[in-house]
Amino acid sequence: MNLVGTLMSRIKKNGERIFTEVYEGYITYSDLYQKIQAVSEAFGSLPSDNVILRCRKGLNMAIAVLSGLYSGKKIIPVNRLLKEEQVKSITEQFHHYCCVTDEHIENIPKVPSNLNSPVSNLEPVVLFTSGTTGKFKGARLTQSGLLFNIKSIAKIVRYTPKDRMLISRSLAHVAALVGDLFVGIFSGVSFSFYDGSFSPMAIKKEVQEKGITLWNGTPTSLFSCAVLRTEIPVKKCVLSGEVLTESVYERIRKRMPKTIFYAGYGMTEASPRISMGRLPERIQRGYAGKLLKGVKAKISKGEIQIKSPALAYGYMDEKRFPEQWFHTHDRGYIKGKKVYVLGRLDGLIVRGGVNIDPVMIEETIQSDRNIAHCKVYGKPDEILGQKICVLVQPLDAGIVTEKYVMELCRKKLPEFMQCNEIKITEKFDIGVTGKK
């Protein structure tokens, strides 16, 4: 059975279980299936096979995604937090397309006029990479690759119909779309969609009021909760999207001692998981679980390279990815089946001919109890090539000053890793995907 057939059979099987609560009451899985049929019927009359989804509400985006799959269209979810110029850089990559918004989904009747059957599309989803390395690149994900991921992740996390999952990230993010929505439907969980801006207290309130047992996010998101002493009382949590360091994980675990944590490593092009596993009490920096069964990996010149049955067909307007080792552009190493990710290849700072890992500096600074967040980056320098800069958000501005951070670095870091510029900021922006 293909991706669409699998998801729709699970939705029908879940029947009268609650899919999500709404203001008027709740939506069952049976209600959801009927709505999918109605929306997919409307999708069938759209003037293009490329459907860009610009829903700002999580529930509407979920319905649009599932309806698009059912209708056989190629769906392109867009993050609700992107600026218009960023959205334009995505839409201009399509010769023909049409857009679907919240209004389209909400104005379609719940009951379809005809009981249409699912239409198959071998490449049903285009997801755009986060754009942190330049131009947004659209990865053409396949039904087989997405289904491989759903089944692989479900075997590891073992969600049950008794679970309630909070989705606070955009479904344009591959981890949220596949690891949260698709795996959740496959497992029969109930959902709650949080559409507000990220706030540890708001997340805690949502979790407590709605009996949430599952919430997944980036280490930065969970660390934000930990440093503000906000316990998020969930049963299980998958950490992915960034390098997980010992000190960050320790502070998260201390604030959420009853939570079972999992690490996930992947990328949009892998649909998304490459490795995954339950986290022990203590970890080595960069630990990202074990390779999924069927995925191969090797290290070449410090880079992680993979072969995966879930690899995307290719990028937009480009040929198929060659059947060779795929370059992840991530630094790391492998011990047996265990994967350790240390950062991006292009994330290294080269100062005076020496390669410097910014994550090591960030881990040292963030280990201080008076500091909430920090980001280390390189800036061009005529003499050194690059200089080391750090942006620091203190928990107590009266204690943490530039001199305080400089002294912290002097005590804990070797001389070649000392920072050239230190800036203190009250506000620390987290990106649209929950990363620094």
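You will find that of Lys423, Lys403, the residue that is out of contact with any Lys or Arg (no Cβ under 7 Å at 6 or more places or on another chain), under 30 Å from Phe136 (Cα atoms) and at pLDDT 90 or above is Lys423 and no other. Out of (1) more than 22 Å from the chain's Cα centre (by Cα); (2) modelled with pLDDT of 95 or more, the odd one out for Glu92 is which? Tallying (1) more than 22 Å from the chain's Cα centre (by Cα); (2) modelled with pLDDT of 95 or more, Glu92 fails exactly one: (2).
Confirm whether Phe198 is in a helix (DSSP H, G or I), among the aromatic types (Phe, Trp, Tyr) and farther than 20 Å from Val22 by Cβ. So Phe198 fails the test. Considering region 266-281, the residues that are over 14 Å from Gln305 (Cα atoms) and of a type in the set (A, V, I, L, M, F, W, C) include one that is nearest to the chain's Cα centre (by Cα), namely Met276. Val248: touching a Phe, Trp or Tyr at 6+ places or on another chain (Cβ under 6 Å), under 22 Å from Lys290 (Cα atoms) and not small (Gly, Ala, Ser), yes or no? Yes; evaluated as a whole, the condition is true for this residue. Checked against (1) assigned to a helix (DSSP H, G or I); (2) buried (at least 20 other Cβ atoms within 10 Å of the Cβ), Leu166 passes all but condition (1). Against the test of being part of a helix (DSSP H, G or I) and either touching a Cys at 6+ places or on another chain (Cβ under 9 Å) or among the hydrophobic types (A, V, I, L, M, F, W, C) (or both), the options Ile252, Ile274, Ile283 yield a single qualifying residue, Ile252.
Residues satisfying the criterion are present in region 221-241 (criterion: part of a helix (DSSP H, G or I), hydroxyl-bearing (Ser, Thr, Tyr) and buried (at least 19 other Cβ atoms within 10 Å of the Cβ)). If you filter region 282-323 down to residues that are acidic (Asp, Glu) and out of contact with any helix residue (DSSP H, G or I) (no Cβ under 7 Å at 6 or more places or on another chain), you find that the one that is modelled with the lowest pLDDT is Asp317. Residues in region 149-164 that are in contact (Cβ under 8 Å) with a residue 40 or more places away in the chain and either more than 16 Å from the chain's Cα centre (by Cα) or under 15 Å from Tyr262 (Cα atoms) (or both): Ser152, Ile153, Ile156, Val157, Tyr159, Pro161, Lys162, Asp163, Arg164. Within region 8-33, the set of residues being touching a Pro at 6+ places or on another chain (Cβ under 9 Å) and either in a helix (DSSP H, G or I) or more than 14 Å from Gly184 (Cα to Cα) (or both) comprises Met8, Asn14. The strands (runs of 3 or more DSSP E) found wholly in region 354-436 and carrying at least 3 residues that are in contact (Cβ under 8 Å) with a residue 40 or more places away in the chain occupy 371-381.
Among the listed residues Ser144, Ser120, Ser192, which satisfies the condition of being under 30 Å from Phe326 (Cβ atoms), at pLDDT 95 or above and either in a strand (DSSP E or B) or of a type in the set (Ser, Thr, Tyr) (or both)?
Ser144
Could you tell me whether region 58-67 includes any residue that is in contact with an Asp or Glu (Cβ under 7 Å, 6 or more places away or on another chain) and in contact (Cβ under 8 Å) with a residue 60 or more places away in the chain? Yes - at least one qualifying residue is present in region 58-67.
The values are calculated or read from the model by the stated rules, or taken from the named source; none is laboratory data. Keep in mind it's a predicted model, so treat the numbers as computed, not measured. Backbone-built Cβ (ideal geometry, glycine too); neighbour counts: all protein chains shown.
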